[in-house]
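J.: Before I ask anything, here is the structure I am working with.
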Amino acid sequence: MKAKALIMLMLILLCTAIFASEDPNDATEHARKTQELNQLADRFRAETGFEGDITFNHQDMKFSQLYGTFKDIHFTAHHDTMSAEGA
């Protein structure tokens, strides 16, 4: 009985080690995507006048959230800001 339990434990640990190992190509792919998205963010900032932080979605290769302001867009009243955030 102890031998079967020990063998099962070893098999579970082996399977865990195989599935938990990282793919070395994944790190280079992530770095490439990050560099590409940073270049896209710099271009977006230059073309639109955006000042702030941009978060990326590496899976879909697109911007996921923008936190900041645009130089040319000004809100005159607080209720305008609230309606823009709700839209």
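J.: Within the range 21-29, identify whether any single residue is of a type in the set (S, T, Y), in contact with a strand residue (DSSP E or B) (Cβ under 9 Å, 6 or more places away or on another chain) and either at pLDDT 65 or above or outside any helix (DSSP H, G or I) (or both), and answer yes or no.
T.: No, the range 21-29 has no match at all.
J.: Give the residues of the range 22-67 that are loosely packed, with under 13 Cβ neighbours inside 10 Å and of a type in the set (A, V, I, L, M), sorted by residue number.
T.: Result: A27, A31, A46, M61.
J.: Please go through the range 30-76 and pick out each residue that is among the acidic types (D, E) and assigned to a strand (DSSP E or B).
T.: Within the range 30-76, E51, D53 meet the criteria.
The values are calculated or read from the model by the stated rules, or taken from the named source; none is laboratory data. Keep in mind it's a predicted model, so treat the numbers as computed, not measured. Every residue, glycine as well, gets a Cβ built from its backbone with ideal geometry; the counts of neighbours run over all protein chains shown.
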